[in-house]
Amino acid sequence: MYDKSDLEIVTSIEHIRERPEMYLAGGDVSADALANRLLLDLQSMPTALVVYQQFGDWRILGSDRNWVGDVAEPHDVFERIVTYHRNQRTSFHAEVLLAAFARDVVLFSGSEPERIQGNAKIPAELIEFTRRYPQLVRCTVFSSEA
């Protein structure tokens with residue numbers, strides 16, 4: 001028989017860190033695997049411009065469409081598993097994987113960067129990249145320890 005003392009409440013991020021193989025193929029938490037998973041979200045939007053660029057340890061993924069526009073509070077995608085349904089499939093926004101495994105995460109959804117986690121200096125070439133492509137309405141930038 002179970003009672004309340006047998007239960008342990010963990011956050012989405014803690015659960016993902018404990019069981020990465022449930023969220024990423026083979027449990028691969030490398031920067032490339034994280035970027036590929038986020039690219040799947042972006043590619044599920046029809047007729048969207050999608051860009052991906054790597055600058056050293058940093059990766060930037062952006063689109064001319066807000067791929068989390070269906071989320072009432074867009075920052076939730078970094079804190080918990082938020083599902084979406086596109087192209088006849090149900091999945092979850094991959095930003096929570098970045099929150100679980102990336103060292104630094106920065107969001108550009110306007111002219112100024114918004115730090116989600118970490119404290120590394122944002123390379124100037126990333127800021128310049130977002131300014132060079134003003135048609136991008138949302139860019140997620142991250143560096144990874146893996």
Extreme residue, nearest to Asp32 (Cα to Cα), among residues of region 70-80 that are in contact with a strand residue (DSSP E or B) (Cβ under 9 Å, 6 or more places away or on another chain) and without any contact (Cβ under 8 Å) to a residue 24 or more places away in the chain:
Val77
Test Thr83 against the criterion of being among the hydroxyl-bearing types (Ser, Thr, Tyr) and touching a strand residue (DSSP E or B) at 6+ places or on another chain (Cβ under 7 Å), and give yes or no.
yes
Check off (1) touching a helix residue (DSSP H, G or I) at 6+ places or on another chain (Cβ under 8 Å); (2) free of Cβ contacts under 8 Å to residues at least 60 places away in the same chain; (3) farther than 14 Å from Gly62 by Cβ for Arg103 and give me the number that stays unchecked.
(1)
Strands (runs of 3 or more DSSP E) lying entirely in region 52-146 (those with 3 or more residues that are at pLDDT below 90):
83-86, 89-92
Give me the pairs, please: first residue somewhere in region 129-146 and surrounded by fewer than 17 Cβ atoms within 10 Å (Cβ to Cβ), second residue anywhere and assigned to a strand (DSSP E or B) and modelled with pLDDT of 90 or more, beta-carbon distance under 6 Å, and either six or more positions apart or on two chains.
Glu145/Arg103
Quick check on Ile81: is it more than 21 Å from Leu40 (Cα to Cα) and surrounded by 12 or more Cβ atoms within 10 Å (Cβ to Cβ)?
no
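The values are calculated or read from the model by the stated rules, or taken from the named source; none is laboratory data. This is a predicted model, so every value here is computed, not measured. A quick note on method: Cβ atoms are made from the backbone with ideal geometry, for glycine too, and the neighbour counts reach across all protein chains shown.
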